Amino acid sequence: METKEIIDTVATQVTEAAAQWPEYGLADYFIHSGRGPMCVITLFLIAVLVSAWKAPAWVRDFGFGAVIAALCWASVSLCQMFMVMEQYGALTANIYGGGFWRIMVPIIYSLLIYLLSILISIFQKPRI
């Protein structure tokens, strides 16, 4: 097989795989990752934005609270996932990947909120 044929074959396979990949919107990430934890983290986001206006000293604290809430939720979810793994034995990699994907979304969301809170607190500091 020539190099061009191999490249064409791989390109065709990648295109077919990309067509089967689900496209998620922001609301889908919110729902698939658990409404409860995502709502709590969103409340921390609202608290960061309100405190940036009313109480600038608390901005970083609320951002850090979002990270702690996400990590607590992730640890509980991991415990539940390990209990299921212990109960049912070997499962497919798709199930493990889906579980970790749903655990990581709130952590990433909370880290973005913490980054936003750091940026807000940096820009609110008085200039010298």
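Key figures for this structure:
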| read-out | value |
| --- | --- |
| Calculated FRET value between Q80 and I122, using beta carbons and R₀ = 41 Å, to 0.05 | 0.65 |
| Within segment 1-110, GluC sites (Glu not before Pro) in DSSP loop having at most 13 other beta-carbon neighbours inside 10 Å | E2, E23 |
| Degrees separating the helix 35-54 axis from the principal Cα axis of the chain, which is the longest one | 40 degrees |
| Matching label, semi-axes √(5λ) of the Cα gyration tensor in Å computed from the structure shown, candidates (i) 38, 23, 12; (ii) 29, 16, 12; (iii) 26, 17, 13 | (i) |
| Net length gained if the chain between I68 and T3 were fully extended (0.36 nm per residue, minus Cα distance) | 18.3 nm |
| Theoretical FRET efficiency, 1/(1+(r/R0)^6), r = Cβ-Cβ of Q87 and V50, R0 41 Å, to 0.05 | 0.40 |
| Accessible carbon and sulfur surface of the chain relative to its total accessible area, %, 1.4 Å | 71 percent |
| Helix 59-88 vs. the chain, principal-axis angle (Cα, 0 to 90°, nearest 10) | 40 degrees |
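The values are calculated or read from the model by the stated rules, or taken from the named source; none is laboratory data. Just so it is clear, the structure is predicted and the values come from calculations on it, not from any experiment. Every residue, glycine among them, receives a Cβ derived from its backbone with ideal geometry; neighbour counts consider all protein chains shown. We work out accessible area using only protein heavy atoms, side chains counted, and drop any ligands, DNA or RNA first. Shrake-Rupley method; radii C 1.70, N 1.55, O 1.52, S 1.80 Å.
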